[in-house]
Amino acid sequence: MTTTTPDHKPAQPPSVEAALAEFSTCIDIEQRTFPKNAIQAVYLLHLVSQDQLYREIIRPFMNATDDETAHLLTQSVFSEVCSHCECVDAILNGKAALYQGNQAWIIDLARPIGRTIEQSETESVIAGPHDGFVENMMENLAVIRQRIRSSHLKTVELSVGEVTKTPVIVAYIEGIANPDLLQALIDRIKGIETDAVYEANMLVQMIDDNPNSVFPQFMTTERPDVICSKLTAGRIVCLVDGSPSVFSCPTSFFEFFTSPDDYYQRWQLGTALRLLRIIGFLITIGFTAFYVAVTTYHYEMIPHTMLLNLVESRSRVPFPPLFEALLMETTIELLREAGARLPTKIGQTIGIVGGIVIGQAAVQAGFTSNVLIIAVASSAIASFVIPSYIMSASIRLIRFGLIILAGILGNLGLIVGIGFIVIHLAGITNLGTSYLTPVAPMNKMDWLDSFIRGPFYLLRNRPSQTRTTNTVKTKMRK
Amino acid sequence: MSEKISPFHIALLVYMIELDVTFFSLPRLIAENIGTNGWIGLIGLSLIAGLNIVLIQLVYRFAKGRTVYEIMERAIPKWIMYPVYVLLAVFWVMLGSFVAKKFVLIFQIISFQTAPSMFLYSLIAVMALYLLTKGIYNISKAVTIFFFFLIPVAFLAVYFIPEWEPIRFTTFLFREAAEGHSFRNWLEVYTIFTGYELVLLLFPYADRSKKIFKGVYIGHFLLTSMYLLLTAVCFGFYSLGQLQSLMYPVIDLLSYIELPFINRIENLILTLFLFANLVSLTMFLWAALTALKRLFPKPKKNALEIGLVVLSALIAIYPKITRDSEALLRAALYAETGLAFAVPILLLLLLAWQNRPKGGRSA
């Protein structure tokens, strides 16, 4: 968590020889000498914009006399640096270092590297803006600024990774975000001691309150509109260079079941969608496990009319329900993972092959029962209803534990498993705030924007979890 | 501990501590001990429990932020109090164990008859340990979620409307009690409310800026309402004779339900009640923990918690059949009811003595 590498002292004076030695055997380092004025420019060839390089350095310094050079270097784009270390950092960040004797200046010539803004593939919406974050942090910040035109949107720049020195920006709205939470987040990011951080989803795991929990504790998103809504709600966001994901905090468990779509539709539809997602969550986590429990221990729970079909279907299956369910769930996970890794066009083929092979052939071959196919497929579909991919993946993993418990102990196993999950969730905190807000601690106003999506005139207050003192968000009446 | 428990969570905590395994035999207890229209007696008993809560509220008011232990230790020497704490801790562990063990034995009536009961008990004990290690604030959070799992069960009452006959209530009041009326019989019904007295130990953890006793009353009222609903459904569904002869009328009541996609939901509901019994066990273990922490203020991490859970498992080995377990639990609940009244009265006396005006009167 420092911008200096341990092998050179911060006080070492700048010199072109030291810079070249630092970047020895780097094929992309370039040194350009201007003999007329003894200026030497050092930069990383592919990090700088060639146009700017020509405009700002080559053309002005090519034939400049000593006086002209001295005058040029007084321009505000050049800033004088006093240490070798600063020069090295600047070069690594796409700047050019200019040396003249024992003096050095730096100038920013960095060119944007990466893709242009396009739609997020992992978080698509039907209504609403379609732009997504990209890998360039400053561009992401610009996208946020474009939406929040307020000077109260403040930023704190940090850097993580001893080797990667990945720039990180913590953004918040002054006067809305809680300063204690902000400080806590900054302290945690500063406390990271690791070589490299490449992604926001990686960084959040290093600052979690409960690093051993399977549940994601920071909400990450690729959607600028989501991040802007978090900022105005009083949350703090963090951008990591090189990552199209931006995270916000403090986060609650129920936040992962909300989507920007909810706000772009009528509130009744938004509410129905949120309830649907909660039903989806319950189906994902418990439906297959319940099937296993019932078909292993509690056949009496199945109504007579359904029982005949189920027994007929199960009679051809040689495996116990637990094994059958694990087999099918693993196959579905394999299909999902294969689909995610392959290009979209081939991924579609996987779906068709999987659907036919698993849906038809497995039943005909007597590997599994029809009802289990329905249970497993419903669970899989329900898991994709959860907007956050990371939360959805966590829940799918937990499901395996519940299936095994249900296979061993029936309904009791299922309930014991759910009990353990609840106790675990109750113990999780995010920046010291409860992960189960607004259920525990209870805040009834927050319910209007968590389990349901209330009409805008009722969404008056900012979430209590943000611990903001500026609580009023909407003043309009019905 | 910086976080404080709000009245809402106290309400749910009180509700969940009071709700335990006695839920399944409640209508029989009322039919046997109170007789016809026993629900009216239930209201009366609930009011008595309410009076007990008033006593606890007075303690809270006069204690002015002091804990129960601090009040006692100021008046009684520690060498007397420490053995009392140990006895209290052991008693609370016993009570929690009997509640959980009885649940396991009832559970085995419908499922896992051949499985060793201690195996099932140890599952609950491990959950209780996990919960206990999270601290009281997180326990209250988990209890809130468990409450939301259990409360929808009340809506099943709708299913019995077509079969429900008010005539089964009869026009007689408190007649045909199996053994006539006696203090002991009414006390037996009263024990269903046991658990609210643990609020005494929650004083330091409650949010003093809010009216915490509003939460206690709401929790108790909610539970009374739930019990009244259950009693009303059972007394209108079964005859008094049936209620008196059915061991666990609630289980039979649930097995009557046939939904289009699921039957015999007592399998699921009874299992779901594991949460209510888990909360009771955990809270009695937590009470024991608070007592032991007076003796061992800085224990090794989780050492006391593990010790208490192991002790509870050892105690739970003793009741092997439902009848034994019921008798032991009943005896423990009687003692707890006695404590629930005696401790606040004792504390009020101590507080009156401690808060008496200092200095002599000038002539």
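The values are calculated or read from the model by the stated rules, or taken from the named source; none is laboratory data. Remember, predicted model here, so these are calculated numbers, not experimental data. Please note: Cβ atoms are built from the backbone with ideal geometry, for glycine as well, and neighbour counts cover all protein chains shown. SASA here: full protein model, heavy atoms, side chains in, ligands and nucleic acids out. Shrake-Rupley method; radii C 1.70, N 1.55, O 1.52, S 1.80 Å.
Using 5 Å bins from zero, what percent of all Cα-Cα pairs in region A:1-133 falls into each bin?
Pair shares across the bins are 2, 10, 18, 19, 16, 10, 7, 6, 5, 4, 2, 1, 0.
Once chain A is represented by equal point scatterers at the alpha-carbon sites, with solvent omitted, what log10 I(q)/I(0) does the Debye formula produce at q = 0.06, 0.11 Å⁻¹?
So the normalised log intensities are -0.39, -1.00.
Could you work out how much longer the chain between A:Q12 and A:N370 gets when fully extended? Use 0.36 nm per residue separation minus the Cα distance between them, nm to one decimal. List each step's numbers first, then the result.
Working: separation 358, 0.36 × 358 = 128.88 nm, distance 7.34 nm.
Full extension from A:Q12 to A:N370 adds 121.5 nm.
What fraction, in whole percent, of alpha-carbon pairs in region A:349-478 exceed 20 Å separation?
Numbers: 5491 of 8385 pairs.
Looking at region A:349-478, the distances longer than 20 Å represent 65 percent of pairs.
In square angstrom, rounded to the nearest 10, how much accessible surface does B:K210 have for a 1.4 Å probe?
Here the residue's solvent-accessible area equals roughly 110 Å².
Provide the FRET efficiency to the nearest 0.05 for the B:M118-B:A335 pair, computing r from the beta carbons and using R0 = 22 Å.
Given R0 = 22 Å and the Cβ-Cβ separation, E is 0.35.
How big is the charge dipole of chain B about its Cα centre, in debye rounded to the nearest 20, if each Lys and Arg gets +1 on its Cβ and each Asp and Glu gets -1 on its Cβ?
That gives chain B a dipole magnitude of about 1900 debye.
Largest first, what is the accessible-area ranking of A:M442, B:M247, A:M301 with a 1.4 Å probe? It would help to have the intermediate numbers written out before the result.
Values: A:M442 50, B:M247 95, A:M301 5 Å².
Highest to lowest solvent-accessible surface, that is B:M247, A:M442, A:M301.
Using 0.36 nm per residue, how much length does the chain from A:E199 to A:L397 gain when fully extended, once their Cα-Cα distance is taken away?
Taking 0.36 nm per residue and subtracting the Cα distance, the gain is 69.1 nm.
Modelled label-to-label distance, B:A75 and A:I113, 7 Å Cα→beta-carbon offset: nm?
Simple spin-label model gives 7.7 nm for this pair.
So, R0 is 22 Å and r is the distance between the beta-carbons of B:W353 and B:L87; what FRET efficiency does that work out to, to 0.05? Intermediate values should be presented prior to the final figure.
Details: r = 23 Å, r/R0 = 1.07.
In this case the efficiency is close to 0.40.
Just the number: Rg to Rh for the protein assembly as shown, Cα atoms, Kirkwood Rh, two decimals. Write down the numbers at each step before the final one.
Numbers: Rg = 33.6 Å, Rh = 31.4 Å.
So for the protein assembly as shown, dividing Rg by the Kirkwood Rh gives 1.07.
Tell me the accessible surface of A:C238 in square angstrom (1.4 angstrom probe, heavy atoms of protein chains only), to the nearest ten.
For A:C238, solvent-accessible area is about 0 Å².
Could you work out the helix-only [θ] at 222 nm for chain A, with each DSSP H run of four or more residues adding -39,500 (n - 2.57) and the total divided by the number of residues, to the nearest 500 deg cm²/dmol?
-13500 deg cm²/dmol
Treating the Cα atoms of chain B as identical point scatterers in vacuum, please give the log10 of the normalised Debye intensity I(q)/I(0) at q = 0.14 Å⁻¹, two decimals.
-1.21
Take the Cβ-Cβ distance between A:Q360 and B:L229 as r, set R0 to 51 Å, and report the resulting FRET efficiency rounded to the nearest 0.05.
Calculated transfer efficiency: 0.55.
Give me the distance in nm between label points sitting 7 Å out from Cα along the Cα-to-Cβ direction at A:A272 and A:E157, one decimal.
4.9
Of B:K293, A:K475, B:K214, which has the most accessible area with a 1.4 Å probe, and how do the rest follow in descending order?
A:K475, B:K214, B:K293
Looking at chain A, do any whole DSSP H helices span at least 15 angstrom along their long axis by alpha carbon and average 1.6 or above on Kyte-Doolittle, and which?
Helix filter hits for chain A: A:370-383, A:389-427.
Assuming 0.36 nm per residue, please report the length gained on full extension of the stretch A:I58 to A:V472 beyond their Cα-Cα distance.
Result: 143.5 nm gained on full extension.
Run the quick spin-label model on A:Q31 and B:E258: label points 7 Å from Cα toward the beta carbon, then report their separation in nm to one decimal.
Distance between the two pseudo-spin positions: 9.3 nm.
Taking a label point 7 Å from the Cα of A:F384 along the Cα→Cβ vector, which residues of region A:241-270 have an amide N closer than 20 Å to it?
A:257-262
Return the tail of the calculated pair distribution for region B:1-104, meaning the percent of Cα-Cα pairs more than 17 Å apart.
Taking all Cα-Cα pairs of region B:1-104, the fraction more than 17 Å apart is 73 percent.
Residues in region B:310-334 near a label at B:K300, defined as backbone nitrogen under 18 Å from the 7 Å Cα→Cβ point?
B:310-311
Based on a Kirkwood Rh over C-alpha pairs, give the Stokes-Einstein translational diffusion coefficient of region A:278-430 at 10 °C and viscosity 1.306 mPa s in µm²/s. Write out the running numbers ahead of the final one.
On the way: Rh = 16.2 Å.
Once the numbers are plugged in, D ends up at 98 µm²/s.
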